[in-house]
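Report on the following structure.
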Amino acid sequence: MKKWILKAIIQKTISYLPFSFRLNFFFQKYITKGVNLTDEFFYDKVNHASEHLKGFENCSGKKVPESTLELGTGWYPVVPVCFYLAGSDKIYSVDISYHLSKERIDTTLKHFIESFNQGLLENYISIQKERLNELNKIIEVINNLTLSEILEKLNIVYLVEDARKLTLPDDSIELISSNNTFEHIYPDILIPILQEFKRIVKKKKGVMSHFIDMSDHFAHFDMSITIYNFLRFSDKAWKRIDNSVQPQNRLRINDYRRIYADLLLPVTNESYREGDINALKKVKLDVRFKDIPLKELATSHCQFISLINALD
């Protein structure tokens with residue numbers, strides 16, 4: 001049995017159990033090794049934060065957003081800590097379930113200090129020295145702090161909420177971002193989330209910046225399949241394979257463009273990876289995907305940046 005099939009069966013089973021997200025964490029930590037804070041994962045997220053900040057500065061003219069919101073905190077708050085080091089004062093991070101822990105915060109902060117000491121961190125973000133000093137102070141006394149106290153010192157407010165109905169006020173966030181999160185959200189939920197983002201983003205020079213990974217995530221674990229493997233399945237077949245702890249919506253870049261257009265969300269800047277058309281041609285596509293141009297279908301990753309300037 002292929003490894004991806006075994007993982008799919010296990011995650012599908014976990015999705016029906018109580019505390020499914022916690023069980024999935026332990027499964028990925030000890031079996032698939034998919035939730036460890038590796039250097040590759042760390043710098044990927046730091047690079048995302050860097051690109052969010054560049055996009056914000058290019059669109060708004062301001063170097064650092066005072067207020068930020070990240071969708072999909074995940075296990076390690078790398079991007080929010082980047083925003084803290086850069087100088088943001090109100091940093092919100094929202095997730096549907098509570099994934100953070102004091103141990104994982106500690107691991108995250110130590111990665112930052114190690115990266116800085118190696119002279120690598122400043123290749124990505126401009127760091128305020130007083131914020132870096134505060135980071136060191138937190139690590140020194142972290143055993144005496146609660147998780148809430150650590151987050152407060154980092155200007156991070158961790159929201160465990162439905163992102164379709166946030167408790168934040170209208171016109172309150174300068175930069176809204178996400179990092180390979182949209183692909184895990186089906187359109188009936190993603191569309192109202194984006195509508196909610198339109199409500200809370202600053203109406204004058206607010207910015208949204210979203211990275212989307214449109215590859216088959218099972219291919220990250222099983223090298224015997226390509227990143228287009230899941231395009232073989234009909235919606236009915238994929239529903240049997242997919243799971244609620246790590247769902248994959250299989251939307252392509254043209255689908256996201258259509259969602260943005262329907263919501264009247266501007267795409268001020270779009271970047272993407274073209275993907276591997278030759279690998280895609282080897283996949284027997286389901287009828288749902290056959291009419292999509294190969295270049296669009298093969299696109300594996302993208303970033304959409306939106307400048308909101310509704311007061312103009």
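The values are calculated or read from the model by the stated rules, or taken from the named source; none is laboratory data. Keep in mind that this is a model prediction, so the values were computed, not measured. Using ideal geometry, Cβ is built from the backbone for each residue, glycine included, and neighbour counts are taken over all protein chains shown. With ligands, DNA and RNA removed, areas are computed over all heavy atoms of the protein, side chains included. Shrake-Rupley method; radii C 1.70, N 1.55, O 1.52, S 1.80 Å.
Side notes on the structure shown:
- For the peptides 135-143, 41-49, 202-210, the ranking by mean Cβ contacts within 10 Å, running from highest to lowest, is 202-210, 41-49, 135-143.
- Those aspartates and glutamates that a straight Cα-Cα span of less than 16 Å connects to Lys204, excepting residues fewer than 8 apart in one chain: Glu57, Glu66, Asp170, Asp171, Glu174, Asp312
- Gaussian network model of the chain, Cα within-10 Å springs - most flexible of Lys129, Lys236, Lys110: Lys236
- Crossing angle, helix 253-262 versus the chain [Cα axis fit, 0-90 degrees, rounded to tens]: 70 degrees
- Taken one residue at a time, the phi angles of the range 78-93 give Karplus couplings (6.51, -1.76, 1.60, θ = phi - 60°) of 5, 5, x, 5, 4, 5, 4, 5, 6, x, 5, 9, 10, 10, 9, 9 Hz. Gly and Pro are set to x.
- Cα gyration tensor shape of the chain, rounded if a/c is under 1.5, else prolate or oblate by comparing a/b with b/c: oblate
- Placing unit charges on the Cβ atoms of the charged side chains and taking the dipole of the chain about its Cα centre, the candidate lying farthest along the positive direction among Pro192, Ile156, Ser67 is Pro192.
- Neighbours of Phe42, meaning other residues whose beta-carbon lies under 11 angstrom from its beta-carbon, give a summed charge of -2 when Lys and Arg score +1 and Asp and Glu score -1.
- Amide H partners (placed H, <5 Å) of Asp242, local residues excluded: none
- Positive-pole candidate from Val245, Ser126, Phe42, dipole of the chain, charges at beta carbon: Val245
- The chain - accessible surface per residue (Å², probe 1.4 Å): 48 Å²
- 3J(HN,Hα) from dihedral phi, the range 5-22, Karplus parametrisation 6.51/-1.76/1.60, rounded to Hz, x for glycine, proline: 5, 4, 4, 4, 5, 5, 5, 5, 5, 4, 4, 8, 9, x, 6, 4, 5, 5
- Taking amide H positions as modeled 1.01 Å from N, with prolines and chain starts lacking one, the residues under 5 Å from Gly206 and 5 or more places away or on another chain are Ile308.
- Relative to the longest principal axis of the Cα atoms of the chain, helix 102-117 runs at roughly 80 degrees.
- Put a plus charge on the Cβ of each Lys and Arg, a minus charge on the Cβ of each Asp and Glu, and nothing anywhere else: the dipole of the chain about its Cα centre is then about 1000 debye.
- Over 29 Å apart at the Cα level, from the set Lys7/Lys54; Lys137/Lys165; Lys3/Lys45; Lys63/Lys137, are Lys7/Lys54; Lys137/Lys165.
- The chain: angle of helix 129-140 to the longest principal axis, Cα-based, in degrees nearest 10: 80 degrees
- Taking amide hydrogens as placed 1.01 Å from N in the peptide plane, the amide H of Val157 sits under 5 Å from those of Ile91, Tyr92, Ser93, each at least 5 positions away in sequence or on another chain.
- Counting only residues at least eight positions apart within a chain, or on another chain, the lysines with an alpha carbon under 20 Å from that of Lys281 are Lys290, Lys295.
- The spacing between the range 43-78 and the range 97-117, judged by their C-alpha centroids, is 17 Å.
- In Hz, Karplus ³J(HN,Hα) per residue of the range 284-298 (6.51, -1.76, 1.60; θ = phi - 60°; x = Gly, Pro): 7, 6, 5, 4, 4, 9, 5, 8, 7, x, 4, 4, 6, 5, 6
- Using a probe radius of 1.4 angstrom, the carbon and sulfur fraction of the accessible surface of the chain is 52%.
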